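The structure under discussion appears below in the form of structure tokens.
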């Protein structure tokens, strides 16, 4: 440990040591043993839903993550995603205003210590202040029931990001990184950086071993920037090897692609397969047979309307997805509570209202015994007109979660077994129950009559025992 740490850092470090002992026996978030399309956390079936900041909560020292995490908790959300600092962005990149992933170059934090003489990074020296902040962030998230997906690496999309990275020879004292940005995350072209990357992963695994609220993501969007599948597999093996002596091991997630694709030859060390901009949610149905969590851990680039991302979340989760993360640009360093009104050029959305709406979705799903449910394409027996869509999860004959998108009022028909049912119509915009009734059904087709709504409506149908 570095000697003569500032008093505030030393105190925080002591808090982390004490906090770590309290988490030492806690089992990390895992795949649910009864239905591996979902999670289990603190002994309860869990779906992860959020609208989170742009991944700079730890590396950006100007960001107040305590206020941010409290906001997520108050909005009923339980996930955040953050990057480690091997990658960050210059101000204005991708037209993002006040980007939390764009701290000042001279102030941003990462795993490595800056050399005292000229401010470059020494890739052989750890930065104690970074790990203190990271562990305090994890501690605050754990106290608020928030799971952290820690994205270890990220491609350098353009030269402007590569120019900032500690891996670039311009920014380190180790003489590493004198090659194109597309060679950084490979097994044979990075000329010594692979060993640095593996060492960083092992250090993070050791530092975070006692936190149960953690998922390791190998790399953000590895389908850009020359990143190879072999390198991704090597990083996953490094995580597993670093945890081999641990009683409790953490899940590993892999970012597969934008939109959707059928996963071929899935990495057996990966438990969560994530997509970006996954609407329509074909990524879930195409890969449901993997019996792993299929998620969408980044949205955006589709306008700024709340309804766009609310509907995207509902359709993904009601198709059988287990993780949804909207990229929320209303979180900035000067608005950590998520109230920033971003300009029209911003590539996505996010707001207080949207976060509340996503919280209603989580509450809706938590009202079911959802681990006993699966996507159901047979129960709906009516016709769908225009842009209307219907999504159903069910435990046949017992419980049905339905989501109807489009129109203003619908009278859908469903094929249901005989029984007495409780029926409730939920407004996804307000979270309010619009209509409740008991239904006595003789079996076969059941026609339902919805109340009027604006853009979408949800249905909870449960058999009366």
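The values are calculated or read from the model by the stated rules, or taken from the named source; none is laboratory data. Computed from a prediction, not measured in an experiment: that's the story for all the values here. Cβ sites come from the backbone with ideal geometry, for glycine too, and all protein chains shown count toward neighbours.
Summary table below
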{"item": "Enumeration of residues in segment 190-201 that are surrounded by 15 or more Cβ atoms within 10 Å (Cβ to Cβ) and either touching a strand residue (DSSP E or B) at 6+ places or on another chain (Cβ under 9 Å) or modelled with pLDDT of 95 or more (or both)", "result": "193, 194, 196, 197, 198, 199, 200, 201"}
{"item": "Counted residues, segment 179-227 - those being on the phi < 0 side of the Ramachandran plot and part of a loop (DSSP other than H, G, I, E, B)", "result": "20"}
{"item": "Strands (runs of 3 or more DSSP E) fully within segment 26-118 counting 1 or more residues that are touching a helix residue (DSSP H, G or I) at 6+ places or on another chain (Cβ under 7 Å)", "result": "44-46, 48-52, 79-83"}
{"item": "Top-ranked residue in segment 248-279 [being assigned to a loop (DSSP other than H, G, I, E, B) and under 18 Å from the mean Cα position of the chain (by Cα); ranked as farthest from residue 295 (Cα to Cα)]", "result": "250"}
{"item": "Filter result (under 14 Å from residue 50 (Cβ atoms) and in contact with a helix residue (DSSP H, G or I) (Cβ under 8 Å, 6 or more places away or on another chain)) within segment 325-347", "result": "326, 328, 330, 331, 338"}
{"item": "Any hit, segment 168-178, residues being within 27 Å of residue 116 (Cβ to Cβ), touching a helix residue (DSSP H, G or I) at 6+ places or on another chain (Cβ under 7 Å) and not in a loop (DSSP other than H, G, I, E, B)", "result": "no"}
{"item": "Filter result for residue 239 (in contact with a strand residue (DSSP E or B) (Cβ under 6 Å, 6 or more places away or on another chain), buried (at least 20 other Cβ atoms within 10 Å of the Cβ) and either free of Cβ contacts under 8 Å to residues at least 60 places away in the same chain or assigned by TED's automatic domain parsing to the domain that holds residue 406 (or both))", "result": "yes"}
{"item": "Some residue of segment 136-144 being part of a loop (DSSP other than H, G, I, E, B) and either in contact with a helix residue (DSSP H, G or I) (Cβ under 8 Å, 6 or more places away or on another chain) or closer than 24 Å to residue 250 by Cβ (or both)", "result": "yes"}
{"item": "Breaking point among (1) in contact with a helix residue (DSSP H, G or I) (Cβ under 7 Å, 6 or more places away or on another chain); (2) loosely packed, with under 12 Cβ neighbours inside 10 Å, for residue 442", "result": "(1)"}
{"item": "Top-ranked residue in segment 358-380 [being more than 27 Å from the chain's Cα centre (by Cα) and part of a loop (DSSP other than H, G, I, E, B); ranked as nearest to residue 425 (Cα to Cα)]", "result": "379"}
{"item": "Flag for residue 268 being assigned by TED's automatic domain parsing to the domain that holds residue 37 and more than 23 Å from residue 214 (Cα to Cα)", "result": "no"}
{"item": "Residue match in segment 170-178 (condition: within 29 Å of residue 212 (Cβ to Cβ) and either free of Cβ contacts under 8 Å to residues at least 40 places away in the same chain or in the same structural domain as residue 80 (by TED's automatic domain parsing) (or both))", "result": "no"}
{"item": "Qualifying residue in segment 403-421 (condition: touching a strand residue (DSSP E or B) at 6+ places or on another chain (Cβ under 7 Å), closer than 29 Å to residue 36 by Cβ and in contact (Cβ under 8 Å) with a residue 60 or more places away in the chain)", "result": "yes"}
{"item": "Residue satisfying all of: in segment 282-300; in contact with a helix residue (DSSP H, G or I) (Cβ under 9 Å, 6 or more places away or on another chain) and without any contact (Cβ under 8 Å) to a residue 60 or more places away in the chain; surrounded by the most Cβ atoms within 10 Å (Cβ to Cβ) among these", "result": "283"}
{"item": "Segment 325-365, subset surrounded by fewer than 15 Cβ atoms within 10 Å (Cβ to Cβ) and without any contact (Cβ under 8 Å) to a residue 40 or more places away in the chain, residue farthest from residue 39 (Cα to Cα)", "result": "341"}
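Each row is one residue, and each column tells you yes or no for (1) within 23 Å of residue 377 (Cα to Cα); (2) not in a loop (DSSP other than H, G, I, E, B).
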{"residue": "307", "(1), (2)": "no, yes"}
{"residue": "311", "(1), (2)": "yes, yes"}
{"residue": "315", "(1), (2)": "yes, yes"}
{"residue": "320", "(1), (2)": "yes, no"}
{"residue": "343", "(1), (2)": "no, no"}
{"residue": "349", "(1), (2)": "no, no"}
{"residue": "353", "(1), (2)": "no, yes"}
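So that you can scan it fast, the table gives a plain yes or no per residue for (1) touching a helix residue (DSSP H, G or I) at 6+ places or on another chain (Cβ under 9 Å); (2) surrounded by 14 or more Cβ atoms within 10 Å (Cβ to Cβ); (3) part of a strand (DSSP E or B):
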| residue | (1), (2), (3) |
| --- | --- |
| 382 | no, yes, no |
| 385 | no, no, no |
| 391 | yes, yes, yes |
| 411 | no, no, no |
| 420 | no, no, yes |
| 428 | yes, yes, no |
